[in-house]
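To start, the structure itself, in structure tokens.
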Amino acid sequence: MALAFDEYGRPFIILREQESKTRLRGLDAQKANIAAGRAVARILKTSLGPKGMDKMLQSPDGEVIITNDGATILEQMDVDNQIAKLMVELSRSQDYEIGDGTTGVVVMAGALLEQAEKLLERGIHPLRVAEGYEMASRIAFEHLEKISQKYEFSADNIEPLVQTCMTTLSSKIVNRCKRTLAEIAVKAVLAVADLERKDVNLDMIKVEGKVGGKLEDTELIYGIMVDKDMSHPQMPKRIEDAKIAILTCPFEPPKPKTKHKVDIDSVEKFQTLRQQEVKYFDEMVQKCKDVGATLVICQWGFDDEANHLLMHRNLPAVRWVGGVELELIAIATGGRIVPRFQELTPEKLGKAGVVREKSFGTTKDRMLYIERCANSRAVTIFIRGGNKMMIEETKRSLHDALCVARNLIRNNSIVYGGGSAEISCSVAVEAAADRYPGVEQYAIRSFAQALDHLPLALAENSGLPPIDTLTAVKAQQIKENNPFCGIDCNDVGTTNMKEQNVFETLIGKQQQILLATQVVKMILKIDDVISPTDY
Ligand code: ADP
Ligand code: MG
């Protein structure tokens, strides 16, 4: 494509290979784009809320993913429409920034697009719609702040945090164990949080999974875990106050590396050689003991004889530990990796409160837990579950919960969920529309209607009659002047989300509204789509 000018200076576009391109302009372009965006939103709509459906996605190489997480669903879908890709990006940015609310943001954007289409059909200029949406989103943003509440919690009273994480987890496949998982998530976040600076480094939380056991067996480890075991089955399985020597040099009698020839032609000679070897190795063990090591973690292997000797001399050891894990252990325990045996000194030992080996099921699977490490507050969440899909989905759900806990530590404002915040915003935006004399007021009203789509979807997914439920709840909100009324998805018997303990973070909700508005504005402003036709 090229832009050219004719002799009067009027611009025109040259489409190369004219017939192989399609071009949509004006209202047609906008309608096509809106349709694409709405198609994506429609897919996610049924996954919203505690009674939302899950999606099963199969990748080209046959791997199956079952998930309820909006960002993951879109990520795995092979979308090739450009506008649909914008919706994928939308969900992803909510995921990056907030972590939760990835389905809601797309549903919101879809609703805004749907409303916009009606406005465009009535002849309102897309820019007017965009401006109206922008104003409305600001009203909603500020209204959210007004209805938000501060949520007090401390390191001793984690219950409020747990409740919020439970709301996040209640809409996931893992909601059977939401209490356990929410507690784990909160404890993990608090373990690495800096409450004074209100900051949390989620990188310090490692999430590992192993197939087997029950979801309830998922545990939080205050330390790190390595997929290794003690080199000898009779070595102690538990070492308190471990001092760890981390070696990257061979831990056995020296082996001739280049070609040597040792002639052994008598029993005596053999005996001497053997004794020599044992003595050499004995000295190595003694050296480790002298510097105070109670555990040796070695990158190399050692042979059975060395193993036997180590057991005899009461020095537990772990062999064949990979480089990455070795580094992790060194960082966490504050030890130094020792590349030459001679350099081993007491200062180079890593320290950990307890090192223990744990075995699983009937398999020979064993893991090494290194807990209460000296240097680092890093924690590990160890997920158990029936199959790989379950573990992967639990990882994703925990990610949401961890993010929510982190967001609350950063900013402890919350709004109530179950669509209550959206309904309240909708009422506020609707009321504000009258104050605007221009055409924008139509867009502002449409924005209010779009906000209703979230509670509508929640009601629909829970098997309630959507419009009836929404109108009843909205009327109740206005009558009681109570912004906490939402959709009673789980049939608890009250619409008051405060009583149901269903809440979400304020920043999460605000971000949803801002991001959705931004994307919709962007889509509305496109009035010319030039693309190659299918080949
Ligand atoms: P997202 O990916 O957007 O977080 P979810 O599937 O997690 O989507 O659904 C979140 C929505 O479900 C929120 O609007 C939240 O308020 C609502 N929700 C969660 N738990 C409940 C509940 N127990 N009762 C009513 N609404 C709930
Ligand atoms: Mg969620």
Alpha carbon centroid spacing (whole Å) that separates the stretch 207-246 from the stretch 267-296: 29 Å
Cβ-Cβ cut-off under 11 Å around Val473, Lys and Arg +1, Asp and Glu -1: the net charge is -3
With a probe of 1.4 Å, find how much accessible area the stretch 241-360 has per residue, and write the answer as a whole number in Å². 57 Å²
Spread of Cα-to-Cα distances over 20 Å intervals beginning at zero, given as percent, for the chain: 19, 39, 25, 14, 3, 0
When the chain is fully extended, how far beyond the present Cα-Cα distance does Arg92 get from Val262, taking 0.36 nm per residue of separation? 54.6 nm
Dipole of the stretch 170-228, Cα-centred, from +1 at each Lys and Arg C-beta and -1 at each Asp and Glu C-beta, to the nearest 20 debye? 280 debye
Lys/Arg Cβ at +1, Asp/Glu Cβ at -1, dipole of the chain taken about the Cα centre: which of Thr494, Pro483, Thr167 is farthest positive-ward? Thr167
On a straight-distance basis, which lysines could pair with Lys289 in a cross-link, Cα separation under 17 angstrom, same-chain partners fewer than 8 positions away excluded? Lys243, Lys279, Lys348, Lys351
What lysines could a cross-link reach from Lys364, if we take a straight Cα to Cα line under 16 Å and drop same-chain neighbours fewer than 8 places away? Lys210, Lys228, Lys237
Cα gyration tensor category, rounded, prolate or oblate, for the stretch 1-138 with a/c compared to 1.5: oblate
Cα-Cα over 19 Å: which of Lys146/Lys178; Lys172/Lys206; Lys55/Lys509; Lys31/Lys85; Lys118/Lys479? Lys146/Lys178; Lys172/Lys206; Lys55/Lys509; Lys118/Lys479
Which one of Ala84, Thr345, Gln518 is farthest out on the positive end of the charge dipole of the chain, using unit charges on Cβ (Lys, Arg +1; Asp, Glu -1) and the Cα centre as origin? Thr345
For the chain, the longest principal axis of the Cα atoms and the Cα long axis of helix 323-333 enclose an angle in degrees, to the nearest 10, of 90 degrees
Within the stretch 493-535, which residues have the backbone N less than 20 Å from the label spot 7 Å out from Asp468 along Cα→beta-carbon, could you tell me? 493-496
Could you give the size of the charge dipole of the chain about its Cα centre, using +1 on the Cβ of each K and R and -1 on the Cβ of each D and E, expressed in debye and rounded to the nearest 20? 880 debye
Between Arg274 and Val324, what length in nm is gained on full extension when 0.36 nm per residue of separation is reduced by their alpha carbon distance? 14.5 nm
Three-way shape label, the stretch 130-187, alpha-carbon gyration tensor, a/c 1.5: oblate
Under a Cβ-Cβ cut-off of 15 Å, what is the net charge of the residues other than Val192 that fall near it, where Lys and Arg count +1 and Asp and Glu count -1? +3
Helix-only [θ] at 222 nm, the chain, -39500 (n - 2.57) per DSSP H run of 4+, per residue, nearest 500, equals -15500 deg cm²/dmol
Hey, got a sec? Which GluC sites (Glu not before Pro) in the stretch 114-221 land in a DSSP loop and have at most 10 other Cβ atoms within 10 Å? Glu152, Glu196
Measure of size requested: the Rg and Dmax of the stretch 250-329, with Cα atoms as the atom set and Å as the unit; please supply both. 14.8, 48
Using a simple spin-label model with points 7 Å from Cα along the Cα→Cβ vector, what separation in nm is obtained for Leu195 and Ile13? 5.9 nm
Would you mind pulling out the separation of the Cα centroids of the stretch 487-502 and the stretch 33-75, in Å? 26 Å
Residue-normalised accessible area of the stretch 407-496, given per residue in Å² at a 1.4 Å probe: 39 Å²
Scanning the chain for trypsin sites (Lys or Arg not before Pro) in DSSP loops with at most 11 other Cβ atoms within 10 Å, what's the longest stretch left with none? 17-121
Between the stretch 410-464 and the stretch 121-138, how many Å separate their Cα centres? 16 Å
Thr494 neighbourhood, Cβ < 13 Å, K/R = +1, D/E = -1, net charge -3
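The values are calculated or read from the model by the stated rules, or taken from the named source; none is laboratory data. These numbers come from a predicted model, not from an experiment. Cβ coordinates were reconstructed from backbone atoms using ideal geometry, including for glycine residues, and neighbour counts include every protein chain displayed. Note: areas computed on protein heavy atoms with side chains; ligands, DNA, RNA excluded. Shrake-Rupley method; radii C 1.70, N 1.55, O 1.52, S 1.80 Å.
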